[in-house]
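One structure below.
The values are calculated or read from the model by the stated rules, or taken from the named source; none is laboratory data. Every value quoted in this text rests on a predicted model; they were computed, and no experiment measured them. Cβ coordinates were reconstructed from backbone atoms using ideal geometry, including for glycine residues, and neighbour counts include every protein chain displayed. To get the accessible areas, we keep the full protein, side chains included, count just its heavy atoms, and leave off ligands, DNA and RNA. Shrake-Rupley method; radii C 1.70, N 1.55, O 1.52, S 1.80 Å.
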Amino acid sequence: MAEEPAVRELRLVVTADDYEAALRFYRDVLGLPERAAFASPDGRVTILEAGRATLEIADPGHAAFIDEVEVGRRVAGHLRVAFQVDDATATTAELAAAGAEVVAPPTRTPWNSLNARLDAPGSLHVTLFTELGETGSEA
């Protein structure tokens with residue numbers, strides 16, 4: 001019988017200077033459903049559902065390789081958030097119209113996905129990816 005995993009959920013917490021803009025962007029434009037929202041005397045937090053979570057650990061050499069494939073140069077810091085979407089091209093356009101800066105347009109990768117890079121609200125460097133086949137799972 002398999003043991004239950006010790007970790008039940010991965011939650012990435014983003015502190016955004018413009019909370020309302022970030023919430024609109026991720027909830028209303030990217031389409032992450034709202035799970036819960038809470039207020040404290042000095043602020044607010046909203047928890048958004050982002051589907052299945054994984055933690056991808058890369059060494060500096062592989063991170064540089066991914067940047068080279070997707071962007072053509074090293075651009076990501078030590079943290080990059082990747083969202084799997086049904087249509088990376090359309091979603092990139094929607095997010096750009098909502099204020100994200102496109103760093104690189106959708107590009108077919110050697111692991112057979114269509115990946116775009118954006119700088120998004122909350123100071124997040126984001127990959128949007130659409131899986132095109134069964135040759136890999138790299139984001």
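Which one of G43, T54, V13 is farthest out on the positive end of the charge dipole of the stretch 1-67, using unit charges on Cβ (Lys, Arg +1; Asp, Glu -1) and the Cα centre as origin?
It is G43, whose Cα lies furthest towards the positive end.
In vacuum, with every alpha carbon of the chain counted as one equal point scatterer, what does the Debye formula give for log10 I(q)/I(0) at q = 0.10, 0.12, 0.14 Å⁻¹? Two decimals, please.
Calculated log10 I(q)/I(0) at the listed q: -0.37, -0.52, -0.70.
Mind checking the dipole of the chain: about its Cα centre, +1 per Lys or Arg Cβ, -1 per Asp or Glu Cβ, Debye to the nearest 20?
It comes to approximately 140 debye.
How large is ³J(HN,Hα) for each residue in the stretch 24-29, as worked out from phi by the Karplus curve 6.51 cos²θ - 1.76 cosθ + 1.60 (θ = phi - 60°), to whole Hz, x for Gly and Pro?
3J(HN,Hα) across the stretch 24-29, in whole Hz: 4, 4, 6, 7, 7, 8.
Can you list the residues, at least 5 places off or on another chain, whose amide H is less than 5 Å from the amide H of Q84, using H built in the peptide plane?
F129
If amide hydrogens are placed 1.01 Å from N in the peptide plane, which non-local residues have theirs closer than 5 Å to the one on L132?
For L132, whose amide H was placed from the backbone, the distant partners under 5 Å are S113, L114.
With a probe of 1.4 Å, find how much accessible area the chain has per residue, and write the answer as a whole number in Å².
Per residue, the chain has 65 Å² of solvent-accessible surface.
Return the sequence-ordered ³J(HN,Hα) values of the stretch 32-38 in whole Hz as given by the Karplus equation 6.51 cos²θ - 1.76 cosθ + 1.60 applied to θ = phi - 60°, using x for Gly and Pro.
The phi angles translate into 6, x, 7, 8, 7, 9, 9 Hz.
How large, in percent, is the carbon and sulfur part of the accessible surface of the stretch 70-139 at a probe radius of 1.4 Å?
49 percent
Suppose we flag GluC sites (Glu not before Pro) only when DSSP calls them loop and at most 14 other Cβ atoms lie within 10 Å. Which is the longest uninterrupted stretch of the chain?
With GluC sites (Glu not before Pro) excluded where exposed in loops, the chain gives 57-133 as its longest stretch.
Sum -39500 (n - 2.57) across every DSSP H segment of at least 4 residues in the chain, then divide by the residue count to get the 222 nm mean residue ellipticity, nearest 500.
-5000 deg cm²/dmol
So what does log10 I(q)/I(0) come out to for the stretch 2-74 at q = 0.18, 0.21 Å⁻¹, using the Debye formula with one equal point on every Cα and no solvent?
Computed log10 I(q)/I(0) values: -0.95, -1.02.
Show me, for the stretch 124-132, the HN-Hα J-couplings you get by feeding each phi into the Karplus relation (A = 6.51, B = -1.76, C = 1.60, θ = phi - 60°), rounded to Hz, glycine and proline as x.
3J(HN,Hα) across the stretch 124-132, in whole Hz: 9, 8, 10, 9, 9, 9, 10, 6, 9.
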